[in-house]
Amino acid sequence: MTLYDFNKLSLADMRKVVWEHGVFLDNYITKDVRLNCYAVDKFFVEVVYDAEHNVVTEVRSFKSGHSLDKYLNLRI
């Protein structure tokens, strides 16, 4: 699946692709934001959670750049 094909899917279908084909990489949690990052084929997918209501509110896809930076922190 290409990034272009993924972006044409509905939110429900995006979630299905991530759960079935995505490889979990990392999460990013702050007071206001809960995100999980997955690799799907040759792109990344960020799943945005509403922790208060325990639902996925958004699915964002990207190949690189600013969206990936928050997951690249050094862990020693």
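Values computed for the structure shown
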| item | result |
| --- | --- |
| Dimensionless Rg ratio for the chain, taking C-alpha atoms and the 2.2 N^0.38 Å reference | 1.08 |
| Nonlocal amide H pairs with Asp26, under 5 Å, H built at 1.01 Å | Cys37 |
| Top of Asn27, Asn54, Asn36 by mean-square fluctuation, Gaussian network on the chain, Cα under 10 Å | Asn54 |
| Å² per residue, accessible surface of the chain at 1.4 Å | 71 Å² |
| Neighbour-limited loop hits for trypsin sites (Lys or Arg not before Pro), the chain (at most 16 other Cβ within 10 Å; DSSP other than H, G, I, E, B) | Lys8, Lys31, Lys42, Lys63, Lys70, Arg75 |
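The values are calculated or read from the model by the stated rules, or taken from the named source; none is laboratory data. None of the values given here were measured: they were computed from a predicted structure. Cβ: placed from backbone, ideal geometry, glycine included. Neighbour counts: every protein chain shown. These accessible areas exclude ligands, DNA and RNA; they are computed on the full protein's heavy atoms, side chains included. Shrake-Rupley method; radii C 1.70, N 1.55, O 1.52, S 1.80 Å.
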